[in-house]
Amino acid sequence: MTAATASHPPQHYLGGIALRLLAMLSLSVMFVLVKYIAEAGIHIVESLFWRQAVVLPLLMLWALTHGGLGSFATQRIGVHARRAAMGLTGMALNFGGMIFLPMAEATTINLSVPIICVFLAAALLGERVGAARWSAVIVGFIGVLVVLNPTTLLYEGFEGDHGLGTLIALGGAVMTALITIQVRDLGRTENAMTIVFWFSLLSLVPLGIALPFVMTPHSAGEWGLLVGLGLLGAVVQLSLTGALRLAPVSVVTPMDYSSLLWSIVCGWWFFGTLPADTTWIGAPLIIASGLFIAWREHRLHIERMKDITA
């Protein structure tokens, strides 16, 4: 096998799409467990700990069958530490948004991440953004405003579970976008599995220190929820990684919007909740904006490749 073949595995678009869809389904079911765990009175720090602790042995097992733990070697441990701190904060905010809000509403807010990424890439990385993508960002921003229902927030503020959940979910979306920019930088020198490994390992340090102060005895059912949370987290991370190995980013990322369908179904089935009227109106705007941005990125990538090979 040549080095080129090893570094560029065979592309399988349908396989990549299937894995991305599996990741979105697993993510929605994982968030169902997050809500059940919160209802059981288990501290969010403990949820985050077991979410990461179950993933780490699976990653190490993968490494042992793919060249050894040396495949996780890195020269950028400081950047990984910063990514771990950001990732842990983002995960906590996303968990909190799911705990306080109906699943579909929290998911819709999180779908604004590609829109926020365009803005951050322009502001932080100096990337050139044309009129077409700025137009898509504006449409998506309008969709977010519709979902947030600013008229209600104007009168009620961010008080109560719903207002607090909205604020937390927005923070989670912004943090996820920042993490995306960070991972884009790490991806220049590190493969996906290395990034996931160091995130899992380094995030367990502060979580492990805090765990004794918040951990409580659990029933067998509660342990089942926590282990299930970790296993589903592993499925999500490995499926996302596998999808990107089989198909380009521009092909698989539009599948992320299937998470809204799964969250609507899960929210109705497990909790008897349906999206608010504003979510039905704003979600199509956010999805249309995100899909256009993904398509535009695909076209720009093709043009850059043509310039390189010309």
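Things to note:
- Residue selection: A220 satisfies the criterion of being without any contact (Cβ under 8 Å) to a residue 12 or more places away in the chain and over 30 Å from L285 (Cβ atoms).
Here is a yes/no grid of residues against (1) of a type in the set (A, V, I, L, M); (2) surrounded by 20 or more Cβ atoms within 10 Å (Cβ to Cβ); (3) modelled with pLDDT of 95 or more:
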| position | (1), (2), (3) |
| --- | --- |
| F49 | no, yes, yes |
| V54 | yes, no, no |
| L59 | yes, yes, no |
| T65 | no, no, no |
| G68 | no, no, no |
| Q75 | no, no, no |
| G87 | no, yes, no |
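- First in region 48-64 and over 13 Å from Q237 (Cβ atoms), second anywhere and buried (at least 17 other Cβ atoms within 10 Å of the Cβ) and modelled with pLDDT under 90, Cβ under 8 Å, 6 or more apart: A63/M193
- Cβ-Cβ contacts under 9 Å between residues 6 or more apart (or on different chains), taken from a first residue in region 288-301 that is among the β-branched types (V, I, T) to a second residue that is part of a helix (DSSP H, G or I) and modelled with pLDDT of 80 or more, are listed as I293/P114; I293/I115; I293/C117; I293/V118; I293/A136; I293/V137; I293/G140.
- When region 91-115 is filtered for residues that are among the small types (G, A, S) and either assigned to a helix (DSSP H, G or I) or surrounded by fewer than 24 Cβ atoms within 10 Å (Cβ to Cβ) (or both), the ones remaining, listed by number, are A92, G96, G97, A104, A106.
The values are calculated or read from the model by the stated rules, or taken from the named source; none is laboratory data. Remember, predicted model here, so these are calculated numbers, not experimental data. Don't worry about glycine lacking a Cβ; one is built from the backbone with ideal geometry, like all the others, and counts go over all protein chains shown.
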